[in-house]
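Okay, structure first, notes after.
The values are calculated or read from the model by the stated rules, or taken from the named source; none is laboratory data. Computed from a prediction, not measured in an experiment: that's the story for all the values here. All Cβ positions, glycine included, derive from the backbone under ideal geometry; neighbour counts span all protein chains shown. Ligands, DNA and RNA are excluded from the accessible area calculation, which covers all protein heavy atoms including side chains. Shrake-Rupley method; radii C 1.70, N 1.55, O 1.52, S 1.80 Å.
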Amino acid sequence: MNAVVELTDVVRHFRIKRFLAPSQQVRAVDGVSFAVEEGESFGLVGESGCGKTTVGRLVLGMLAPTGGQVRVDGTDLASLSTGEMRKLRRHVQMIYQDPLNALDPRMPIGDQIAEGLAVHGIGTEAERKARALGMMGAVGLSARLADRYPHELSGGQQQRVVIARALLLEPRLVVCDEPVSALDVSVQAQVVNLLAELQQRYGCAYLFISHNLAVVRHICRRIAVMYLGAVVEIAERDELFERPRHPYTRALISAVPVPDPARRGRRSLPKGEPPSPTNPPAGCRFHPRCAFAVERCRHEAPKLLPDGEGHVVACHRVAEGEI
Amino acid sequence: MPPLLEVDELTVGFATEAGTLVAVDRVSFALDAGETLGLVGESGCGKSAICLAALGLLPPNGRILGGRVLLDGRDLVAMPEADLDKVRGGTAAMIFQDPLTSLNPVHSLGWQIGEALRLHRGLAGAAADAEAVRLLDRVGITDPKRRLREYPHQLSGGMNQRAMIAMALACKPRLLVADEPTTALDVIIQAQIIDLLVEIQREEGLALLLVTHDLGVVAEMADRVAVMYAGRMIETATSADLFGRHRHPYTSGLLASLPRVDQRVKRLAPIDGTVPWLGDLPSGCTFRPRCPRVLASCAEIVPVLAPEAASHRIACHNPVPA
């Protein structure tokens, strides 16, 4: 299989400037490696501040990495000129959480959907219109909405516009950052199903970034779990959810409330809250909250290693076969 | 003995450019001490409006159009504002979704908790400080003495929500209204706060009115659940019955559209269409246009919550077979 996008030891630091105090460095992404294969849906999960959104922006080329490489279709994004980057964007599209912020309030939605084709110089105006209308049908929007403005649509319809716009360019990869988090449950299910159908139909890969583990389990084939700027575990979905290996993955999954009162209160929660990414703990970043931590975890950062059962895990205790 | 909280035929309207919209339509329920009732539904179903109306906290364009809210036998709807001030923060306390907008940014946590102690319990100075430290410790804030002098922006979202809970507990309330108390929090912090609320509720014997859109949170916390749709209560049952033997097509639809973290769902079965706008509600049953079990009579007769089993009630002409 070919990788659509491949990250190798990607690092991205941000500097926070202050007037009086010395500036600080936020290590938002600190040595992340993974690859998304063609046509695959790859999930990236973790809590606020774990760096998952920054990874998405690095993949889109909206941010340059401080270190490491982001390759899209084998090409290092850092080697591209602005013009080449623009051409590549056709193949890498994005869907964000809040559709109203992603749409132009003053342009009819039909024009917004077709705009990408014009930017990339594809087809005549009539052809572009026809394709936009066809795509509206594919995402479940009636053609008579084409002249409406974003504010005239419901949240679910707005997100369908964003999806149509992203997919009309037949991208190889779509970065979806919390695409259904702002939607109510019943509409969320409609959009989740739509994303799954469209992937089957167009064969694009998804990098699906979300804090909602249930949605990720439903839509993604493989999933990476991030904690404080680093990937701690990667596995196929059922493996990850039924046999999580890393102590953080276990905690994260057990913390999700399940709509079944018979399963109440089955949790093993870590104490406290994630530390600040300006000053991450030495060694394994999770060690201060980890029930399994030993001396080694305090000064030696664990590497992501295959566990022989299909997971890749960054944990000394798992590698030593202790947990 | 009458229940601690009794909401009787409560109707709430909001004045808008499109006229008065009825956000809560003749909703009734009761809540006993030591019990947790979960009010669930999607955006705009009226679940938050019920809480705000019950405690006299509606925004200026909101008005109670009918019904009563009895707390300990006293009607809060008819109560003068001055008396209501004694109830709020006294017998009844409330916590909200976003602690940062509920806390005052220019006062320390100690001052804010102290305010409630001063107003409702007459404590001041060292006695108030000592009680504030005890409360912060109670909600799991480490190093409470130091935190007392800190401001909301210095604390994380989880810590601020703990502080909100401490403040709510300051006057030993008997009713706690929690509107989406964990929605803004990350999943592990959310679980910590759920555990804390459940523990406090049990220990203090609080009546807890929990409002949320998250069916998982309700299943974790509530003894009984009431499902709202477009301003009306459409099903109410014990948690076990609601999740195990739900009868209303809307409740079934909600549960079938949920992806699950604990099992693989082949295909989500979403509810068709969207929630209607309150200014243009369908006649009869408001869920009718989206309902897979719709009958001709659904357009004509508004279904009312009928007693099924004693504790399980549904407002539907053609419920899912038991």
- prompt: Considering only strands (runs of 3 or more DSSP E) fully contained in segment A:202-274, which possess at least 1 residues that are among the polar types (S, T, N, Q)?
  reply: A:205-210
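Yes/no matrix, rows are residues, columns are (1) hydroxyl-bearing (Ser, Thr, Tyr); (2) open to solvent by 50 Å² or more (accessible area, probe 1.4 Å); (3) within 13 Å of chain B (Cβ to nearest Cβ); (4) over 21 Å from B:Ala184 (Cβ atoms):
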{"site": "A:Thr278", "(1), (2), (3), (4)": "yes, no, no, yes"}
{"site": "A:Cys284", "(1), (2), (3), (4)": "no, no, no, yes"}
{"site": "A:Cys290", "(1), (2), (3), (4)": "no, no, yes, yes"}
{"site": "A:Ala293", "(1), (2), (3), (4)": "no, no, no, yes"}
task: Sort out which residues of segment A:72-87 are closer than 23 Å to A:Leu167 by Cβ and touching a strand residue (DSSP E or B) at 6+ places or on another chain (Cβ under 6 Å), and write them in order of number.
output: A:Val72, A:Leu77
- prompt: Do you know which residues across segment B:201-232 are open to solvent by 10 Å² or more (accessible area, probe 1.4 Å) and over 13 Å from B:Leu37 (Cα atoms)?
  reply: B:Arg202, B:Glu203, B:Glu204, B:Gly205, B:His213, B:Asp214, B:Arg232
- request: Could you please find all residues in segment B:272-303 being acidic (Asp, Glu) and within 9 Å of chain A (Cβ to nearest Cβ)?
  value: B:Asp272
message: Quick check on segment A:23-47: of everything there that is closer than 21 Å to A:Ser181 by Cα and of a type in the set (A, V, I, L, M), which residue is surrounded by the most Cβ atoms within 10 Å (Cβ to Cβ)?
response: A:Leu44
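Just a yes or no: is a residue in segment A:244-257 of a type in the set (Phe, Trp, Tyr), within 21 Å of A:Arg285 (Cβ to Cβ) and in contact (Cβ under 8 Å) with a residue 12 or more places away in the chain?
Checked against the condition, which is being of a type in the set (Phe, Trp, Tyr), within 21 Å of A:Arg285 (Cβ to Cβ) and in contact (Cβ under 8 Å) with a residue 12 or more places away in the chain, segment A:244-257 yields at least one hit.
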statement: Pairing a residue in segment B:288-300 that is within 17 Å of B:Ala269 (Cα to Cα) with any residue that is among the polar types (S, T, N, Q), where Cβ atoms lie under 6 Å and the two sit 6 or more apart in sequence or on different chains, gives B:Arg293/B:Asn318
- request: Output the residue which, of all residues in segment B:80-116 that are touching a strand residue (DSSP E or B) at 6+ places or on another chain (Cβ under 9 Å) and part of a helix (DSSP H, G or I), is farthest from B:Leu210 (Cα to Cα).
  value: B:Asp83
query: When you go through A:Val313, A:Val318, A:Val215 one by one, which is the residue that is open to solvent by less than 30 Å² (accessible area, probe 1.4 Å), under 17 Å from A:Ser48 (Cβ atoms) and in contact (Cβ under 8 Å) with a residue 24 or more places away in the chain?
result: A:Val215
- prompt: If A:Gly61 satisfies every condition in (1) within 15 Å of the chain's Cα centre (by Cα); (2) more than 16 Å from A:Phe208 (Cα to Cα); (3) not in a loop (DSSP other than H, G, I, E, B) but one, which is the exception?
  reply: (3)
query: Among the residues of segment A:176-201, how many are outside any helix (DSSP H, G or I), open to solvent by 10 Å² or more (accessible area, probe 1.4 Å) and either closer than 18 Å to A:Val5 by Cβ or within 12 Å of another protein chain (Cβ to nearest Cβ) (or both)?
result: 5
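Within segment A:140-174, which residues are open to solvent by less than 50 Å² (accessible area, probe 1.4 Å), assigned to a loop (DSSP other than H, G, I, E, B) and of a type outside the set (S, T, N, Q)?
Applying the first criterion (open to solvent by less than 50 Å² (accessible area, probe 1.4 Å)) to segment A:140-174 yields A:141-142, A:145-146, A:150, A:153-156, A:158-164, A:166-169, A:171, A:173-174.
With assigned to a loop (DSSP other than H, G, I, E, B) added as a condition, the list becomes A:141-142, A:146, A:153-154, A:168-169, A:171.
Result: A:Leu141, A:Ala146, A:Leu153, A:Leu168, A:Leu169, A:Pro171.
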